[in-house]
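What follows is a short report on a single structure.
The values are calculated or read from the model by the stated rules, or taken from the named source; none is laboratory data. Quick caveat: nothing in here was measured; it's all calculated off a predicted structure. Here Cβ is always computed from backbone atoms with ideal geometry, including for glycine, and neighbour counts include all displayed protein chains.
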Amino acid sequence: MANTAYHIMVVEDDKILCQHLKAGLTEEGYQVVTVSKGADAFEQIKHKFFHVVVVDLVLPDIQGLELIRTISRRNPEICFIISTGYATVSSAIEALKIGAYDYIIKPYDIEHLKLVIRRGLEKQSLIFRNRELLERLEKEKLKLEIVMDAYTRMSAVYRLEDLADFVADRAIEIVEAEKASLLFLDEATNELVLKGSRGIKKDKVSWRVKVGELISGWVAQEGEALLVTDIETDPRCSMFARGGQYKTKSFVSLPLKIDTQVIGVMNVTDKLSEMKIFTEEDLRYLSLLAHQTVAQIENIRLCETLGSLAITDSLTGVFNHRYFQEQLTVEIMRAERYKHPLSLLIFDVDHFKTYNDQFGHLEGDRVLKHIAWVIKENVRQVDIICRYGGDEFVVILPYTDTKGTLAAAEKIRRSVGKLELVNKGVRKEVHLSLSGGIASFRAGIKKDEFISNADQALYKAKNEGKNRISVKE
């Protein structure tokens, strides 16, 4: 630091000595103020920080030691140097006890005072640096505690939207920012989808961003973190439109990656500190948070996969019998509460046992997969398709009456009839057909009776010649 940045006050009632000291110290490059009374020194201290105060031991209105005690309570960082023409061992010891850096005896050489001041400033600078280091370490400790707390709490979050909001909260807390958002990759559309944010009005941001477009899309495409201190001058930002959506010109955007695969992007903007600029340290902490976020995303996806396996038929990919029983209970409760129609449709593959016996179970499995696919293609997203058992499939149709269910069932039956499957064993074209039974829910009937009604309709279709749909009257 240049000497011009250091401020020195000389408290001395000897005017000639004051002038001499001011001239010598100013020549050295220090900013020097001289006063003759303790009261004047107090007034100066109120308005400016002085790195060094040279105090005469005896002043007209106060003792130098008392002046040091009073000023120290306000500014303990000041380097005090006592000067006196009446030196005693006790006064020197007392001066050092109350925090004076040194004790010089008049008459003294100005060069000697300069040397004492330089050494005092070096010690003071070291104290300042140590304090800054301790403050920085304490700040880092707090940030690491936030990160570690996030690690712990994150493990209990099992919805992607909840996780995204949680991480956005922690991100702005860690780097002292105002806004954060998390977008996850939709592989089907190759778009980033906004899943969570903090400090952002969601109607003011893009819910979907194509990979390669805008800042988030670029980060996802390149797989590289983007730390920008000034969006106006950073050459990497020349490709992005200036929307004026930032309060500050600095932001951080970093990819969420599993190995080399990008699965999302984290954005943090509008730094709250005085500098309003994000730093490499901010990026480091956000990277730690991003790493754990990715780990939890993997956990959530694994749980979703395991959950899906628990309710999905492994052969056909539709829901299993257990899920059918649980979901039918739910749909019956809804139908009773809201008085909307509900229908049940059961299919059976005609002559399936004969087909299995003739061509083997592998060919039978292939047929069931095709049947499941045809049913999926011909029902709505709200309809629930399940494998009921063996070659039987069941469809729950909420908000659908008998007429609507019959239309859907006939469409499925005709589509199956049009299938052109070539048997792999005999290389012969195979034609399939379905029989189906329909039951509509009536207030007051139990779940088992509802299923039984559909079963009875199916048996009727079988008995009447197969390849047809029957309705329980």
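Observations on the structure shown:
- All positions within region 174-185 that are buried (at least 18 other Cβ atoms within 10 Å of the Cβ) and not hydroxyl-bearing (Ser, Thr, Tyr): 174, 175, 177, 179, 180, 182, 183, 184, 185
- Matching entry among 114, 46, 123 (being part of a helix (DSSP H, G or I) and in contact (Cβ under 8 Å) with a residue 60 or more places away in the chain): 114
- All positions within region 194-204 that are surrounded by fewer than 17 Cβ atoms within 10 Å (Cβ to Cβ) and either modelled with pLDDT of 90 or more or out of contact with any helix residue (DSSP H, G or I) (no Cβ under 8 Å at 6 or more places or on another chain) (or both): 201, 202, 203, 204
- Close Cβ contacts (under 8 Å, 6 or more residues apart or on different chains) running from residues in region 74-87 that are closer than 12 Å to residue 64 by Cα and in the same structural domain as residue 47 (by TED's automatic domain parsing) to residues that are at pLDDT 90 or above and part of a loop (DSSP other than H, G, I, E, B) comprise 83/12.
- Options 188, 171; residue that is in the same structural domain as residue 271 (by TED's automatic domain parsing), of a type in the set (Gly, Ala, Ser) and surrounded by 21 or more Cβ atoms within 10 Å (Cβ to Cβ): 171
One line per residue, one yes/no per condition, for (1) of a type in the set (S, T, N, Q); (2) surrounded by fewer than 22 Cβ atoms within 10 Å (Cβ to Cβ); (3) not assigned by TED's automatic domain parsing to the domain that holds residue 108:
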| site | (1), (2), (3) |
| --- | --- |
| 44 | yes, yes, no |
| 49 | no, yes, no |
| 56 | no, no, no |
| 61 | no, yes, no |
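- Selection within region 18-29 - free of Cβ contacts under 8 Å to residues at least 40 places away in the same chain and out of contact with any Ser or Thr (no Cβ under 7 Å at 6 or more places or on another chain): 19, 23, 26, 27
- Per-region count, region 340-378, residues closer than 30 Å to residue 449 by Cβ and either free of Cβ contacts under 8 Å to residues at least 40 places away in the same chain or of a type in the set (Gly, Ala, Ser) (or both): 5
- Residue 67 falls short on exactly one of the conditions (1) touching a residue at least 40 places away in the same chain (Cβ under 8 Å); (2) farther than 19 Å from residue 123 by Cα; (3) in a loop (DSSP other than H, G, I, E, B); (4) of a type outside the set (Gly, Ala, Ser), and that condition is (3).
Here is a yes/no grid of residues against (1) more than 53 Å from the chain's Cα centre (by Cα); (2) at pLDDT 95 or above; (3) within 19 Å of residue 385 (Cα to Cα):
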site	(1), (2), (3)
410	no, yes, yes
413	no, yes, yes
416	no, no, yes
434	no, yes, yes
438	no, yes, yes
450	no, yes, yes
453	no, yes, yes
460	yes, yes, no
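- Listed conditions (1) surrounded by fewer than 16 Cβ atoms within 10 Å (Cβ to Cβ); (2) touching a residue at least 60 places away in the same chain (Cβ under 8 Å); (3) among the charged types (D, E, K, R) are all met by residue 282, apart from (1).
- Options 122, 145, 138: the member that is among the acidic types (Asp, Glu) and in the same structural domain as residue 77 (by TED's automatic domain parsing): 122
- Some residue of region 142-164 being over 16 Å from the mean Cα position of the chain (by Cα) and either surrounded by 14 or more Cβ atoms within 10 Å (Cβ to Cβ) or of a type in the set (S, T, N, Q) (or both): no
- Test result for residue 293, buried (at least 20 other Cβ atoms within 10 Å of the Cβ), of a type in the set (S, T, N, Q) and under 14 Å from residue 173 (Cα atoms): no
- Flag for residue 16 being under 13 Å from residue 98 (Cα atoms) and in a helix (DSSP H, G or I): no
- Just one residue in the set 12, 66, 27 is acidic (Asp, Glu) and surrounded by 18 or more Cβ atoms within 10 Å (Cβ to Cβ); that residue is 12.
- Scanning region 258-296 for residues that are in a strand (DSSP E or B) and under 26 Å from residue 186 (Cα atoms) yields 258, 261, 262, 263, 264, 265, 266, 267, 268, 269.
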